[in-house]
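Enquirer: Quick one: the structure is below, questions incoming.
The values are calculated or read from the model by the stated rules, or taken from the named source; none is laboratory data. It should be emphasised that the depicted structure is a prediction, and the values quoted were computed from it without experimental measurement. Please note: Cβ atoms are built from the backbone with ideal geometry, for glycine as well, and neighbour counts cover all protein chains shown.
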Amino acid sequence: PGGGQQPPRGLRYETVAPNVDDAVRVPPGYASNVVVRWGDPIFPDAPEFDFENQSAAAQARQFGYNNDFCGILPLDGAGKRHIMYSNHEYTLEPLMFRGFDEENPTEEQIRIGIAAHGGAVVEVVRDRRTGELHHDRAGRLNRRITADTPMVLDGPAAGAEVLRTAADPTGRAVLGMIGNCAGGTTPWGTFLTGEENFDGYFASGPVTDPRAERYGFEEGPSERRWERVDPRWDLAQEPNEANRFGYIVEIDPHDPSAKPVKHTALGRFKHEGATVALTRDGRPVVYMGDDERFDYVYKFVSDRAMRRGNSRAAREHNAGLLASGTLYVATFTGNSPAAEITGDGALPSDGRFDGGGTWTPLASTTTSFVDGMSVADVFVFTRLAADRAGATKMDRPEDVEPNPRTGKVYIACTNNSDRGKAGEAGADEANPRHANQHGHVIELTEQGDDPAATTFGWDILLVCGDPADPSTYFGGFDKSQVSPITSPDNVAFDQYGNLWIATDSTQALKINDGLYGVVLEGPQRGSTRLFASVPVGSECCGPVVTENFALVSVQHPGDLDDASPEQPASHWPDGGASQPRPAVVAIRNLHGAIGV
Ligand code: FEO
Ligand code: CA
Ligand code: CA
Ligand code: CA
């Protein structure tokens, strides 16, 4: 490839051909195995999975449904034992139960759904001989978190009137997390997870409060009818309960008894994920996207510096890092004349979709910077604060993640079919394509390479799609040599600083989703190289790329229109006549390190 040159270190593999197979495909010389899948027991006394005889009690002791984000931390110095965290974003009852009646689920089906949400902490062991990774059901740190697990609200809005309920007059104690999509791994050894599509879990009467409308709440029963077993999911009965969801949650994987913490200081919106950079003086900066059409990119800058080390004092100090700081929202300004942004993807005359931008402060722990909104208002109704700040409406910003090697921040704008529609925002230089079906990736460079800077530059790295489509752009690289890519969702970086992108496209290019390595430096910048594809109907999430293995989360395999246990669209991973099961997959190079 690439003018006779080979790809940079870390990306030296034969690309996988796009396909629609009911299988995980990896390059020649590589192999994959399932680490853990829906229903696998994660405690010594947990029951084995039985699709035909499920129960909520069993599910609460087994790996949950629809694993999305995946994070991993070493537990020893030998690369053998790790601790892994997976989100269980949402459930797909029509695939989980035979003959499922959406309007009349049984009480046990509802309770299984509640127990299948949340997340899981599992110890995983790498077999030195085979190189495979498997979960250890006897792991001391294993833990299930569900939509009923006790949690803490902290930060500037904790205890506010709008967070108090009949069951919790303190406004600081909440049960469960829902819609947990992507996340991040912190330098102080915890995991962050974003509550994303929480609106659909609440039943409601007529929605008249513009604050609730802005978050998408609708009149009628909830999607999964949880209000039938617990009235807190009904806004008519408990109007403030919904204000207690939509946060970044921090999980300490080293202490299974530690309550997860919902950080109000990071704002409330449809959080995709949260990833951390450190300032030169050690303060964490957290980058975040609000994954909705025409919503925003945010960052939080902590007041406090991280303490190094694993002492009790350091851990207690670091537990407070995300409780206090300043929340900002991004405005992107193009440097080409607006008339040159035509919406069809044609590059402006300077040859780049690029420009500058500002981070506008919305509130700090003590001060609101938005007229007419209190500090608590800003942190609970963050979307309205960002609207008033005039931030740039983006094409569904999913992962926003700094490259640990360069500090540059990559923003995956997954797609936005409504861009340019009548009554909606048209193309701008940072979102340059109307009816943006395939998404794009923005590279953001903070002023002075300081993550706490209030101004930045930016440059679009990829405008995704079929390379034969003239509206696509691959960093200026030769389009005949790239893999087609659509709907970038999650991003990760390897030890060399290469970008990795996982996609979620509902087959927008009629190919399965996958994990792509992307060249950032040198003459092949913008080259996308398909490394792994995931089974039919699934999206590829949660990538982790280390020297010895890569992890992908296979979410909702078999999720095609009208699929059901009677008509499965996938039999992955168990094969035969089995039902599809979401799972985490490990990929290894049979002859060496990943991509070398
Ligand atoms: Fe759960 Fe934004 O994807
Ligand atoms: Ca330009
Ligand atoms: Ca996502
Ligand atoms: Ca997604």
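Enquirer: When you check Ile511 against the structure, is it within 26 Å of Pro557 (Cβ to Cβ) and surrounded by fewer than 24 Cβ atoms within 10 Å (Cβ to Cβ), yes or no? Lay out the reasoning, then the answer.
Expert: Values: within 26 Å of Pro557 (Cβ to Cβ): yes; surrounded by fewer than 24 Cβ atoms within 10 Å (Cβ to Cβ): yes.
Against the criterion (within 26 Å of Pro557 (Cβ to Cβ) and surrounded by fewer than 24 Cβ atoms within 10 Å (Cβ to Cβ)), Ile511 qualifies.
Enquirer: Still on this structure, please answer the following. Here is a check on your reading of the model: is Val491 away from ligand 3 (no atom under 16 Å from the Cβ) and either over 23 Å from Cys181 (Cα atoms) or at pLDDT 95 or above (or both)?
Expert: no
Enquirer: Another question, then. If a residue has to be in contact with an Asp or Glu (Cβ under 6 Å, 6 or more places away or on another chain) and over 18 Å from Gly420 (Cβ atoms) to count, how many in the stretch 378-398 make the cut?
Expert: Residues in the stretch 378-398 being in contact with an Asp or Glu (Cβ under 6 Å, 6 or more places away or on another chain) and over 18 Å from Gly420 (Cβ atoms): 1 in total.
Enquirer: When you scan the stretch 402-458, how many residues do you find that are acidic (Asp, Glu) and under 22 Å from Pro484 (Cβ atoms)? Quick ask: steps written out before the conclusion?
Expert: Looking only at the stretch 402-458, we keep the residues that are acidic (Asp, Glu), and these are 418, 424, 428-429, 443, 446, 449-450.
Subset that is under 22 Å from Pro484 (Cβ atoms): 443.
The total comes to 1.
Enquirer: Give the residue that is nearest to Arg211 (Cα to Cα), with candidates limited to residues of the stretch 262-288 that are among the small types (Gly, Ala, Ser) and not in a loop (DSSP other than H, G, I, E, B). First the steps, then the outcome.
Expert: Going residue by residue through the stretch 262-288, those that are among the small types (Gly, Ala, Ser) are 265, 267, 273-274, 277, 282.
Now drop any that are not not in a loop (DSSP other than H, G, I, E, B), which leaves 265, 277.
Details: Ala265: 18, Ala277: 31 Å.
Result: Ala265.
Enquirer: Out of all the residues in the stretch 145-152, is one or more more than 22 Å from Ala274 (Cβ to Cβ) and away from ligand 1 (no atom under 16 Å from the Cβ)?
Expert: yes
Enquirer: Ok, one more. Restricting the search to the stretch 95-111, which residues are assigned to a helix (DSSP H, G or I), farther than 14 Å from Phe51 by Cβ and free of Cβ contacts under 8 Å to residues at least 40 places away in the same chain?
Expert: none
Enquirer: I'd like to check something: does the stretch 380-395 contain any residue that is crowded, with 17+ Cβ neighbours inside 10 Å, over 14 Å from Trp458 (Cβ atoms) and hydroxyl-bearing (Ser, Thr, Tyr)?
Expert: Within the stretch 380-395 (the criterion being crowded, with 17+ Cβ neighbours inside 10 Å, over 14 Å from Trp458 (Cβ atoms) and hydroxyl-bearing (Ser, Thr, Tyr)), the answer is yes, since at least one residue qualifies.
Enquirer: So which of Gly267, Gly273 ends up being in contact with a Cys (Cβ under 7 Å, 6 or more places away or on another chain), more than 16 Å from ligand 2 (Cβ to nearest atom) and either touching a residue at least 40 places away in the same chain (Cβ under 8 Å) or of a type in the set (Asp, Glu) (or both)?
Expert: Exactly one of Gly267, Gly273 is in contact with a Cys (Cβ under 7 Å, 6 or more places away or on another chain), more than 16 Å from ligand 2 (Cβ to nearest atom) and either touching a residue at least 40 places away in the same chain (Cβ under 8 Å) or of a type in the set (Asp, Glu) (or both), namely Gly273.
Enquirer: Restricting attention to the stretch 555-574, does a residue exist that is surrounded by 24 or more Cβ atoms within 10 Å (Cβ to Cβ), within 17 Å of the chain's Cα centre (by Cα) and touching a residue at least 40 places away in the same chain (Cβ under 8 Å)?
Expert: Within the stretch 555-574, one or more residues are surrounded by 24 or more Cβ atoms within 10 Å (Cβ to Cβ), within 17 Å of the chain's Cα centre (by Cα) and touching a residue at least 40 places away in the same chain (Cβ under 8 Å).
Enquirer: Looking at the stretch 579-589 only, could you name the residues that are in contact with a strand residue (DSSP E or B) (Cβ under 6 Å, 6 or more places away or on another chain) and in a loop (DSSP other than H, G, I, E, B)?
Expert: Arg581, Pro582
Enquirer: Looking at Gly246, Gly267 in this structure, which one is within 16 Å of ligand 3 (Cβ to nearest atom) and out of contact with any Gly (no Cβ under 6 Å at 6 or more places or on another chain)? First the steps, then the outcome.
Expert: On the way: Gly267 fails: within 16 Å of ligand 3 (Cβ to nearest atom).
None of the other options fit; the residue is Gly246.
Enquirer: Restricting attention to the stretch 192-217, and to residues there that are in a strand (DSSP E or B) and within 16 Å of ligand 3 (Cβ to nearest atom), which single residue is farthest from His317 (Cα to Cα)?
Expert: Going through the qualifying residues, I end up with Glu195.
Enquirer: Within the stretch 135-144, is even one residue hydrophobic (A, V, I, L, M, F, W, C) and under 30 Å from Gln237 (Cβ atoms)?
Expert: no
Enquirer: For the stretch 163-191, what are the residues that are more than 24 Å from Tyr287 (Cα to Cα) and either part of a loop (DSSP other than H, G, I, E, B) or within 16 Å of ligand 3 (Cβ to nearest atom) (or both)?
Expert: Scanning the stretch 163-191 gives Arg164, Thr165, Ala166, Ala167, Asp168, Pro169, Thr170, Gly171, Arg172.
Enquirer: Among the listed residues Thr486, Thr455, Thr406, Thr414, which satisfies the condition of being buried (at least 21 other Cβ atoms within 10 Å of the Cβ), within 30 Å of Thr279 (Cα to Cα) and hydroxyl-bearing (Ser, Thr, Tyr)? Step through it out loud before you land on a result.
Expert: Details: Thr486 fails: within 30 Å of Thr279 (Cα to Cα); Thr455 fails: buried (at least 21 other Cβ atoms within 10 Å of the Cβ); Thr406 fails: buried (at least 21 other Cβ atoms within 10 Å of the Cβ).
Matching residue, one of Thr486, Thr455, Thr406, Thr414: Thr414.
Enquirer: Give the residue that is nearest to ligand 4 (Cβ to nearest atom), with candidates limited to residues of the stretch 175-221 that are among the polar types (S, T, N, Q) and surrounded by 15 or more Cβ atoms within 10 Å (Cβ to Cβ).
Expert: Here is the first cut: in the stretch 175-221, the residues among the polar types (S, T, N, Q) are 180, 185-186, 190, 193, 197, 204, 208.
Those still in the list that are surrounded by 15 or more Cβ atoms within 10 Å (Cβ to Cβ) too: 180, 185-186, 190, 193, 197, 204.
Values: Asn180: 12, Thr185: 19, Thr186: 22, Thr190: 23, Thr193: 14, Asn197: 10, Ser204: 24 Å.
Here the answer is Asn197.
Enquirer: Could I ask something else about it? Looking at the structure I just gave you, is Thr506 polar (S, T, N, Q), within 16 Å of ligand 3 (Cβ to nearest atom) and over 27 Å from Ala391 (Cα atoms)? Before you say what the answer is, go through the steps one by one.
Expert: Values: polar (S, T, N, Q): yes; within 16 Å of ligand 3 (Cβ to nearest atom): yes; over 27 Å from Ala391 (Cα atoms): yes.
It is true that Thr506 is polar (S, T, N, Q), within 16 Å of ligand 3 (Cβ to nearest atom) and over 27 Å from Ala391 (Cα atoms).
Enquirer: Can you find, within the stretch 393-404, the residue that is farthest from ligand 4 (Cβ to nearest atom) among those that are of a type in the set (D, E, K, R) and either at pLDDT below 95 or in a loop (DSSP other than H, G, I, E, B) (or both)?
Expert: Initially, the stretch 393-404 is screened for residues of a type in the set (D, E, K, R), giving 393, 395-396, 398-399, 401.
After this cut, where a residue has to be either at pLDDT below 95 or in a loop (DSSP other than H, G, I, E, B) (or both) as well, the list is 393, 396.
Values: Lys393: 19, Arg396: 9 Å.
It comes out as Lys393.
Yes/no matrix, rows are residues, columns are (1) within 24 Å of the chain's Cα centre (by Cα); (2) away from ligand 2 (no atom under 16 Å from the Cβ); (3) under 14 Å from Lys299 (Cα atoms); (4) buried (at least 18 other Cβ atoms within 10 Å of the Cβ):
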{"site": "Thr326", "(1), (2), (3), (4)": "yes, yes, yes, yes"}
{"site": "Ala330", "(1), (2), (3), (4)": "yes, yes, yes, yes"}
{"site": "Pro337", "(1), (2), (3), (4)": "no, no, no, no"}
{"site": "Glu340", "(1), (2), (3), (4)": "no, no, no, no"}
{"site": "Phe353", "(1), (2), (3), (4)": "no, no, no, yes"}
{"site": "Leu362", "(1), (2), (3), (4)": "yes, yes, yes, yes"}
{"site": "Val370", "(1), (2), (3), (4)": "no, yes, no, yes"}
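Enquirer: Only one residue in Thr193, Thr208, Thr186 is out of contact with any Lys or Arg (no Cβ under 8 Å at 6 or more places or on another chain) and more than 24 Å from Gly119 (Cβ to Cβ). Which one?
Expert: Working: Thr193 fails: more than 24 Å from Gly119 (Cβ to Cβ); Thr186 fails: more than 24 Å from Gly119 (Cβ to Cβ).
That would be Thr208, the only listed residue that is out of contact with any Lys or Arg (no Cβ under 8 Å at 6 or more places or on another chain) and more than 24 Å from Gly119 (Cβ to Cβ).
Enquirer: Check off (1) crowded, with 24+ Cβ neighbours inside 10 Å; (2) without any contact (Cβ under 8 Å) to a residue 24 or more places away in the chain for Gly309 and give me the number that stays unchecked.
Expert: (1)
Enquirer: Any residue in the stretch 317-340 that is within 16 Å of ligand 4 (Cβ to nearest atom) sitting within a Cβ distance under 9 Å of a residue that is aliphatic (A, V, I, L, M)? List the pairs, counting only those 6 or more apart or interchain.
Expert: Within 9 Å, no pair qualifies.
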